[in-house]
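Note sheet for the following structure.
The values are calculated or read from the model by the stated rules, or taken from the named source; none is laboratory data. What you see is a predicted model; the values in this text were computed from it and never measured. Reconstructed Cβ throughout: ideal geometry from the backbone, glycine too, with neighbour counts over all protein chains shown. Accessible surface areas use protein heavy atoms only, side chains included; no ligands, DNA or RNA. Shrake-Rupley method; radii C 1.70, N 1.55, O 1.52, S 1.80 Å.
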Amino acid sequence: MATKALIAASTKPMVLSILSYGENYGYNIIQEVERMSGGELQWTDAMLYPVLKRMEKEKLISSRWVKTESGRKRKYYKITDTGRAKLTEEKTQWLNVNTIFESLWGNQDRLSLTEIQIPIQ
Amino acid sequence: MSTQPFNVDKAISDWQKALLKYHSIDPEFAEELASGLRDRYDALLKDGIAAEDAFARARKKTIADPNQLAREMSDVKSRSTGFLGDLAFLLPNYLKIGWRNLGRKSFYNLINLTSLTIGIVCAVLAILYIDYETSFDDFVPESERIYRVGQNLRSQEYSMIGFEDYNSSTAEKQQIHIDAIRKATGVEAACQFFIFDNPQYINTGEDRLETTKILQTNTPNSFLELFGWEWIVGSKEQFTNDPRTVLFTESEAERFYGMDWNADKVIGQSIVIDTTAFTIAGVLKDVPSNSHLDFNVVIHQRRIDYWGARTYVKAANGTDGTAIKRNLDLKIGEINPRLSRSELFGGFTLDRLQDIHLNSDKLYEIKPPGDKQYLYIFSIISSIILLLTISNYTNLSIAMNASRMREIGMRKIFGASQVSVSKQFLIEALLIALLSTPLIIVLLIFIIPRLNAFMGVAIATDFWAQGSFWLLLISLLILVGLLSGLYPSIFLSNRKITSLFKGNMVKDRSSSFTVRKAIITFQFGLLIGLCSLTLFVNNQLEFISDKDLGYQKENILYVDINSNWETFTAFRNELNSISGITGVGTGSDMGTTPYNQTTYRLKDTDQVFDDAYNVYFDYASLKLLGIETSILDYLDNPLNAPSNIVLINETAAQKLSTQFNIPKEDLIGRTIIEEPEYTDEETGEVGFPFQIGGFTSDINVFSLKEKITPMFVRVYRQSDYAYLASISYDESISETVLQSVEAAFKKVKPNDTFMYEFLTQNVNALYEQEQKIGRLCVYFSVIAFLVAILGLIALTAYLTTLKRKEIGMRKILGASTLGIVKLFNKEYLPLLVFAFFVAAPVTYLGVSRWLSTFAYRIDINLMVFLLATVLTLAISSAAVSLVTLRVIRSEPVEALREEQ
Amino acid sequence: MNKDVLIRMEDVYKYHYTESMQTAALNGIDLEIKHGEFVSIMGPSGSGKSTLLNVIGMIDKMDDGLYQFEDYQINGLSQKDRASIRKGNMGFIFQSFNLIDELTTFENVELPLLYLKISKAERKERVEKALESLEMMHRKDHYPQQLSGGQQQRVAIARAIVVRPKLILADEPTGNLDSKNSEAVMNIIKELHAAGSSIVMVTHSHKDAAYAERTIQLFDGNILENESNLKAI
């Protein structure tokens, strides 16, 4: 399970990334995340919707009601240009973090941390 | 188990409805959540879970805790409205309440409105005035790169530079002079010209009118380019190529050719200026009033008929005045070879074009330079008035809104934050400020033309047509609104809810009292300061007008005679036959602006001084001016007097006497050599020597701002030429003197214009600025008092109304009316005393700075501060007593009855 | 936790500070109020009735103890958080009505909805419904000064219920009214209770207190008695 802080930080970029593939709706977004995390991340509606509303206020995404074949209404979300710009920015930051962890944990041989001499008192 | 089949649609719809009881969940969002629930339910059904169970699971997964969701959504909603917060919902409510309160408390709000209007009008006027004064010469393209070249000679700075041979420089020499300047490193362009103030006749064939401010230039192209004068019509090529062509300004064209003048009527016309023929090549737009230059006609001619020229250069990009000054100084040998050999020459001076109006005070400025003192006075006093109005508002608003504590309490119960309540009161302040707009505009339309006339400025009278004005006004209104609403809004908003329902806060002796007192103290301080400032300024002005200048200034008339001695004598004889005329002479005029000084040394000594002025009088004018001299006999019997005699003034006598340790009496007969740096090439004589023939007392030829320096008074019986006739007359004929003198003038010079000045006018003109400052101070003080008293009246009225019960009780207990009035006055006395001790030192500093600009000035009498304080006390206690009496005597009048 | 419980207080203290003294206005109050309950609080002046009402209403903070309102833990919350829970959950009725003089009947009732950011159309609907239920619709454009005391209190009640509060707090609602109007107001409150509202009322009047299901007797910040009126009758 991911910690609260990590979820808080990662929800927005994840939503943006999912929407960058095309329009989508709340329940399906939750399903996508669950599927891709192999069931590790289980978002609830109560957690996702406030985030979506907030992002809409920030003009990162837009929404519209769509009638499905069954005649039901569903609200679809779409990424905006501002959202795409934000996503690029987020991506760079996450990749940077990722690079650091990779070199720290991934390939110990190539790692060349400066050795720190601890003076003996 | 249930017998009824499970109806999922109904279950979801019930669930959706239940969500609606949370305020932050709107119907649309509930629908979306329901749609999500349905998606989840459908998915669970597919996995083969029974309908009822699927619904229960889906519901739990969708929203485990509705409370938490509602809270988060409310967070999203309130945050999303951002800076404005709940304003979108509450603004109409605020405006409604604000507006209704305006009506309910109309008496107090009227006072607030009036004082805010006055404050803002003063501030707008100050800003428009300062903007005008600092906008001088901004219309010139790239004005920041343009400099005026002047020169330093005999330790004095001139606003122009002389030609090598002064008046007799040829056109070629003048051209070499300007070309050398142009060649100096860093100079991109340069022009020279001179503007003649004396009127000259221009004859167009149809009209013959006098015109002043005729500009002569021999660098027409540079002159036009550098200043970028706007053309209306005409040929620039013709003007720059052909000497003897002229340009008219628009108003000059109108004057000569009528309002309906057109290019055909004007361009190419031949005119005669004085005696020379010219052709009109074009018409320029009038020179903007905020220019340090002014001219009506521009003449292109090869030679400037003057000893020097006004010279302006445009600096190349990347260089500045200091660099150009250096380069010009290096080139002095080319520019003016004779000056380069002179010890008197102290180098060129460069003034930035934009600095000339406010920062230059050189000899022979074109227009009297602007006075930064005005800018300071305007901004300080208008800020004071603005502060008074703002503090009025603050005080009244706290007092008035005390009755609204319950409203604030209710709002807080409904969830209003402190910020939200502050916003409400700020908005009310803004509302009042904005309401004053129409009145402000009307007042400005009324005042600006009068201000223009009074200050001699030209602030646009159609200010309301300019976008920038509205920007200024609106920002001022908002600023004033915010400033005046700031304290009340904080004060009213930061109380605990439970304390808001506990009665009236004016009654409790908490912070409101000290703040109100602090504000009144502050207002008292401003009043004492302003009042004493006004008293000092006017004392100094009185001192100036009463000070013995060393000569008689009443009943003396100067007439421009500009003639040879014979004509002057004829004029004098004509005048002497008029009864009541007591003396006629000729010589220097008194009450002028400083001019060039001269160098000198006492013969047989080495030290050269450069601080003396020469003044010239014939015996008659020296006598009629009543100047005290050591040659009384000669004045009484001019026929016994030598044809020439030079007297030195007291200051010169003292200086020479102490410098060389010679008793004053022994100076008589000693020789002074003027301009010792000059040697006559033919005779080998050094300078211009003269013998000291006697002494005069010190006389203030210039303004009292100038310290008296050594002065050589050259007295003569007769000279070749007379410029100015000085005429003294008896008080009894002061009504008719001008007429009879003009008649006499027309007899000897029938074709010339009669030009005259009264000496008192000359002297007064020297203090024109000071007189204006004095009057401004009075006006402003009156306004400031008005505003402060208005505030004090309203506040007292309000507080006494609130204390009606207390007053009633006191009366029942036997207090006299006088006693109650005293009681209310007594509250202000300690505040006044405190204000005195703060205001007096601050004003002292300000006044002594202003006084230090005068060489002769009053002492700062501390009693004046006391007087100002007593005056403030008298006026404010009169106001307080009147209001209190009104409340005590009668049932409270309708206007005052608003709070119970 | 019992889902029916609206308010639970355990060992609640509230102190008043004067120059040299600290007096306990609430001296270890234990209290439970269920959803839909109508409780009256009685006691002599200074016994802490109003303080208790203010603490329950979250307009005054408590100094010690535990206070739970539905799922919210109130003790320890900041003023801002308390305000956000209070608004929409609480309706207040005062002895002196506390209507805003510059607002009409309609506008007075509408005011709390503005702070809840409710849309204009919904506001109109809810205000009119509230006014109708109190039979004050015909006075909707009148200002408070134009109304009688009883009418003013009806408007104040309309203002309290318009937010659809979970709890109505009444501080001597009949204190400024004559007996006829008092009875009318108490009947309205009774009806509100009958319709499902939870009500806490401070009163001096035994007659008024009798309308409640339960009466709490306060003395010196302590609960002396906590008796069911139903039993007594």
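Brief remarks on what is shown
- Relative to the longest principal axis of the Cα atoms of chain B, the long axis of helix B:171-183 lies at roughly 40 degrees.
- Convex hull (Cα only) mean projected area of region C:37-160, reported in nm² to one decimal: 9.3 nm²
- FRET efficiency for B:N614 and B:T753, using Cβ-Cβ distance with R0 set to 25 Å, rounded to 0.05: 0.35
- Projecting the Cα positions of C:S47, B:M405, B:T437 onto the charge dipole of the protein assembly as shown (unit charges on Cβ atoms of Lys, Arg, Asp and Glu, taken about the Cα centre) puts C:S47 furthest along the positive direction.
- Given charges at beta-carbon only (K, R positive; D, E negative), |dipole| of region B:155-343 in Debye: 640 debye
- Evaluated over the Cα positions of region A:4-106, the convex hull gives a direction-averaged projected area, one quarter of its surface, of 7.6 nm².
- The mean accessible area for residues of the protein assembly as shown, using a 1.4 Å probe and ignoring ligands and nucleic acids, is 47 Å² per residue.
- DSSP bridge orientation in chain B - percent antiparallel, rounded to nearest 5: 80 percent
- Value of [θ]222 nm, deg cm²/dmol, for chain B, DSSP H segments ≥ 4, -39500 (n - 2.57) each, nearest 500: -17000 deg cm²/dmol
- With 10 Å bins from 0: P(r) over region B:155-343, alpha-carbon pairs, percent: 9, 35, 33, 17, 6, 0
- Each of C:D63 and B:L632 was given a label point 7 Å from its Cα along the Cα-to-Cβ line. The distance between the two points is 9.7 nm.
- Signed unit charges on C-beta, dipole axis of the protein assembly as shown, positive-most listed residue B:L885, A:G83, C:Q145: C:Q145
- 5 angstrom amide H check on B:E188, placed H, neighbours 5+ away: B:K314, B:A315, B:A316
- Accessible surface ranking for C:M62, B:M755, B:M711, 1.4 angstrom probe, highest first: B:M755, C:M62, B:M711.
- Proximal charge balance of C:L177 [Cβ under 15 Å; K/R count +1, D/E count -1]: -2
- Förster radius 35 Å - calculated FRET efficiency between C:H138 and B:E31, Cβ distance, rounded to 0.05: 0.45
- For region B:155-343: relative contact order, % (alpha-carbon pairs under 8 angstrom, 6 or more apart): 35 percent
- For region B:773-816, dividing the convex hull volume of the Cα atoms by the residue count gives 57 Å³ per residue.
- Taken about its Cα centre, region B:556-733 carries a charge dipole of about 420 debye when Lys and Arg each add +1 at the Cβ and Asp and Glu each add -1 at the Cβ.
- In the assembled protein chains, A:W43 presents an accessible area of approximately 10 Å² (probe radius 1.4 Å).
- Charge tally around B:V615: other residues with Cβ under 13 Å, Lys/Arg +1 each, Asp/Glu -1 each, net -2.
- Modelled spin labels at B:N152 and B:D14, positioned 7 Å past Cα toward Cβ, are 10.0 nm from each other.
- Area projected by the alpha carbon convex hull of the protein assembly as shown, averaged over all directions, nm²: 81.6 nm²
- C:D208 exposes around 10 Å² of accessible area when a 1.4 Å probe is run over every protein chain in place.
- Using the Karplus relation 6.51 cos²θ - 1.76 cosθ + 1.60 with θ = phi - 60°, the per-residue 3J(HN,Hα) values for region B:232-247 come to 9, 7, x, 10, 5, 4, 4, 5, 6, 7, 9, x, 6, 10, 9, 10 Hz, with x marking Gly and Pro.
- From the Kirkwood radius over Cα pairs of chain B, Stokes-Einstein at 10 °C and 1.306 mPa s returns a whole-number translational diffusion coefficient of 46 µm²/s.
- Among C:S179, C:S50, C:S40: highest mean-square fluctuation, GNM of chain C, C-alpha pairs under 10 Å: C:S179
- Paramagnetic reach from B:T275 in region B:544-566 [backbone N under 20 Å; point 7 Å along Cα→Cβ]: B:561-566
- Only DSSP H runs of four or more residues enter the estimate; each adds -39500 (n - 2.57), and after division by the residues of chain C the mean residue ellipticity at 222 nm equals -9500 deg cm²/dmol.
- Carbon + sulfur, % of accessible area of the protein assembly as shown - ligands and nucleic acids excluded, 1.4 Å: 54 percent
- Solvent-accessible area of C:H16 with every protein chain in place, 1.4 Å probe, in Å² to the nearest 10: 80 Å²
- Trypsin sites (Lys or Arg not before Pro) restricted to region B:252-338 and DSSP loop, no more than 15 other C-beta within 10 Å: B:K285, B:R302
- Dipole of chain A computed with +1 at Lys/Arg Cβ and -1 at Asp/Glu Cβ about the Cα centre; of A:L104, A:L16, A:Y27, farthest Cα towards the positive end is A:Y27.
- Taking amide H atoms as placed 1.01 Å from N in the peptide plane, the amide H of B:E628 lies under 5 Å from those of B:S697, each 5 or more residues away in sequence or on another chain.
- Residue-averaged beta-carbon neighbours from other chains (10 angstrom radius) around A:41-49: 6
- Using a Förster distance of 60 Å, the FRET efficiency for B:T437-B:E566 (Cβ separation, nearest 0.05): 0.30
- 3J(HN,Hα) from dihedral phi, region C:108-120, Karplus parametrisation 6.51/-1.76/1.60, rounded to Hz, x for glycine, proline: 5, 6, 6, 3, x, 5, 4, 6, 9, 6, 9, 5, 4
- Under 5 Å, built H, 5+ apart or other chain: amide partners of B:A64: A:A46
- Region B:323-332 - phi-based ³J(HN,Hα) in whole Hz, Karplus 6.51/-1.76/1.60, Gly and Pro as x: 5, 5, 4, 4, 5, 5, 4, 5, 9, 4
- Accessible area ranking (1.4 Å probe, heavy atoms, ligands and nucleic acids excluded), largest first, for B:K496, C:K140: B:K496, C:K140.
- Helix B:650-660 and the long axis of chain B differ in direction by around 80°, with both axes built from C-alpha atoms.
- Each Lys and Arg adds +1 at its Cβ and each Asp and Glu adds -1 at its Cβ; summed about the Cα centre, chain B shows a dipole of about 6600 debye.
- All other residues whose Cβ lies under 10 angstrom from that of B:F454 are scored, Lys and Arg at +1 and Asp and Glu at -1, for a net of +3.
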